[in-house]
1. For region 38-183, report the % of Cα-Cα distances exceeding 27 Å.
2. Residue by residue, what Karplus-based ³J(HN,Hα) values in Hz, rounded to whole numbers, does region 54-70 have, using 6.51, -1.76 and 1.60 with θ = phi - 60° and x for Gly and Pro?
3. Given 0.36 nm per residue, what is the gain on full extension from Gln159 to Lys38 after removing their alpha carbon distance, in nm?
4. Using R₀ = 25 Å, calculate the FRET efficiency as 1/(1 + (r/R₀)^6) where r is the Cβ-Cβ separation of Ala61 and Ser17; round to 0.05.
5. Using the structure shown, select from Lys40/Lys72; Lys114/Lys160; Lys38/Lys124; Lys117/Lys140 the pairs with a Cα to Cα distance greater than 23 angstrom.
6. Leaving out ligands, DNA and RNA, and with a 1.4 Å probe, what % of the accessible surface on the chain is carbon or sulfur?
7. Could you give each residue of region 157-171 its phi-based ³J(HN,Hα) in whole Hz, using Karplus coefficients 6.51, -1.76, 1.60 with θ = phi - 60°, and x for Gly or Pro?
8. Near the amide H of Asn92, under 5 Å away, which other amide H atoms are found, from residues 5 or more places off or on another chain, if H is placed in the peptide plane?
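The values are calculated or read from the model by the stated rules, or taken from the named source; none is laboratory data. Remember, predicted model here, so these are calculated numbers, not experimental data. Because the Cβ atoms are built from the backbone with ideal geometry, glycine has one as well, and the counts that use them run over all protein chains shown. Please note that ligands, DNA and RNA were not included when accessible areas were found on the heavy atoms of the full protein model with its side chains. Shrake-Rupley method; radii C 1.70, N 1.55, O 1.52, S 1.80 Å.
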Amino acid sequence: MNPIIEPFEIKMNKTISTLEEEYANIRAGRANPHLLDKIKVDYYGSPTAIQGVASVSVPEARVIAIQPWESKMIKEIEKAIMASEIGITPSNDGKIIRLTFPELTEERRKELTKDVKKKGEAAKVAIRNIRRDANDAIKKASKSDISEDEVKKLENDVQKTTDKFIESIDKMIESKSKEIMTV
């Protein structure tokens, strides 16, 4: 990998990772424990991830079970879930908190699919902006120490890398949309 292009490919990989995280937080009618990743619980005065104070499991397709390691954490975890924006009301039996996800309506599925496409398009724009920055860096380098042939080769490499990432995003959009639309 050329040292001029390498930092831009790293940025493109970060864009893909960010999109994967965003897609993990979109609920598709199935229980996904990653929905809880951003929720913090007050644990002895410090904000802690739910996974840091309880075991999280998915016993059924549409249920997340949260079993706190300390029984007094049940109220704190419930409070944190209620304050979050996941839109699910927790229920507990004194030992385990359950989050039951309702079936998605057709209308809601279509909304989520539009959201998936919008996030995917935003990621594509970010990739194209990174390509532009890489090409600018190549042009800047061409003024000092690399030949025209090398410039063309580097620009071609940047375009191939960009195409690879755009194709990857398209596959992610298709996959997530399919997951959402599957009843």
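1. Result for the distance tail: 52 percent.
2. Working through the residues one at a time gives 7, 8, 10, 9, 10, x, 9, 4, 10, 10, 10, 10, 10, 10, x, 6, 10 Hz.
3. Full-extension gain reported as 40.1 nm.
4. Numbers: r = 27 Å, r/R0 = 1.06.
Efficiency, from the Cβ-Cβ distance: 0.40.
5. Flagged as over cut-off: Lys114/Lys160; Lys38/Lys124; Lys117/Lys140.
6. Carbon-and-sulfur percentage of accessible area, whole number: 51.
7. Taking θ as phi minus 60°, the curve returns 4, 4, 5, 4, 5, 4, 4, 4, 5, 4, 4, 4, 5, 4, 5 Hz for region 157-171.
8. Arg98
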